[in-house]
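Participant: Here it is, the structure in full.
Quick note: the coordinates plus some simple rules give every number you see, no bench work behind them. Bear in mind the structure is a predicted one, so any value in this text is a computation, not a measurement. Cβ coordinates were reconstructed from backbone atoms using ideal geometry, including for glycine residues, and neighbour counts include every protein chain displayed.
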Amino acid sequence: MVPHEEHSPLQHTGLGEGRIEVVCGPMFSGKTEELLRRVRRAQIAAQPTVIFKPATDTRYQKNHVTSHDSNALPSVTVSSSQGILDYLHAQPRPVTVVAIDEAQFFDAELPATCVTLANNGIRVIAAGLDLDFKGIPFGVMPELLALAEEVTKLHAVCMETGRPAHFSHRIAGGDSTVEIGEKDRYIPLTRQAFVEARKQADRRESSAE
Ligand code: ADP
Ligand code: MG
């Protein structure tokens with residue numbers, strides 16, 4: 001008698017291309033552009049794709065992921081990483097590519113969620129800030145970077161030197177890690193320019209006390 005074959009998670013998609021890709025870098029480095037580029041190519045390959053973004057990101061339209069050069073694709077807003085799983089379970093047909101923008105804003109379960117998806121044959125493309133405005137690794141990003149098969153680090157253009165920028169410096173606003181903003185609040189800087197700008201910010205803070 002042929003033993004009953006266990007259901008393989010890879011049969012879910014029939015593709016077996018489960019993997020985690022992370023695109024990271026500072027603000028304005030082209031993370032969303034790169035995520036959209038990968039999604040478009042997946043769509044050309046007729047792969048059912050969904051883009052998720054966290055409810056925290058209130059810039060632009062709620063149902064689209066939009067880059068700073070005004071590229072946009074429809075997206076689904078979720079309030080937690082469980083929301084990603086719930087949405088996918090509710091789909092009538094399997095999704096083979098899951099893109100997640102602003103991954104740094106998600107809860108601590110996001111890395112485990114991405115592993116579950118990848119282990120089930122889904123290609124996961126996550127884009128997010130690797131560092132916060134103080135230059136400290138941002139939320140779940142370090143874990144996600146460690147788990148990923150492929151990591152792409154992008155750079156923006158430094159607003160002071162014109163050189164490749166790895167840091168997002170906050171030029172206005174308070175001291176909390178999450179503060180949604182655009183060019184009015186953040187500028188990309190090289191390490192040298194960032195260190196100098198942080199020193200000046202610290203000096204201003206201590207003289208205001
Ligand atoms: P991210 O998602 O990393 O914040 P986007 O993909 O939304 O970045 O936007 C990248 C685009 O931002 C660039 O193609 C460029 O048109 C624009 N841009 C504006 N300021 C800068 C800058 N200082 N460095 C690089 N790109 C910039
Ligand atoms: Mg972006």
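Participant: With charges set only on the Cβ (+1 for Lys and Arg, -1 for Asp and Glu), what does the dipole of the chain come to about its Cα centre, in debye to the nearest 20?
Facilitator: Numbers: 22 positive and 27 negative charges, 129 e Å.
With Lys and Arg at +1 and Asp and Glu at -1, about 620 debye.
Participant: Step through the table entries LYS31/LYS134; LYS134/LYS183; LYS153/LYS199; LYS62/LYS134; LYS153/LYS183, compare each Cα-Cα distance with 23 Å, and write down the pairs that go over it. Don't skip to the end; give the middle numbers.
Facilitator: Working: LYS31/LYS134 19 Å; LYS134/LYS183 17 Å; LYS153/LYS199 26 Å; LYS62/LYS134 28 Å; LYS153/LYS183 21 Å.
LYS153/LYS199; LYS62/LYS134, as the Cα separations exceed 23 Å there.
Participant: Next question. TYR186's amide H: which non-local residues (gap 5+, or another chain) put their own amide H closer than 5 Å, with H modeled 1.01 Å from N in plane and none for Pro or chain starts?
Facilitator: ILE171
Participant: Compute the Rg/Rh shape ratio of the chain: radius of gyration over Kirkwood radius, all on alpha-carbon atoms. Please list the in-between numbers first.
Facilitator: Numbers: Rg = 19.0 Å, Rh = 18.2 Å.
In the chain, Rg relative to Rh is 1.04.
Participant: Roughly how big is segment 75-173's charge dipole about its Cα centre, with Cβ charges of +1 (Lys, Arg) and -1 (Asp, Glu), in debye to the nearest 20?
Facilitator: On the way: 6 positive and 11 negative charges, 44 e Å.
Using only the charged Cβ atoms, the result is roughly 220 debye.
Participant: Can you compute the helix-only [θ] at 222 nm over the chain? Use -39500 (n - 2.57) per DSSP H run of at least 4 residues, normalise by all residues, nearest 500 deg cm²/dmol.
Facilitator: Details: 5 runs with 58 residues, N = 209.
So the calculated ellipticity at 222 nm is -8500 deg cm²/dmol.
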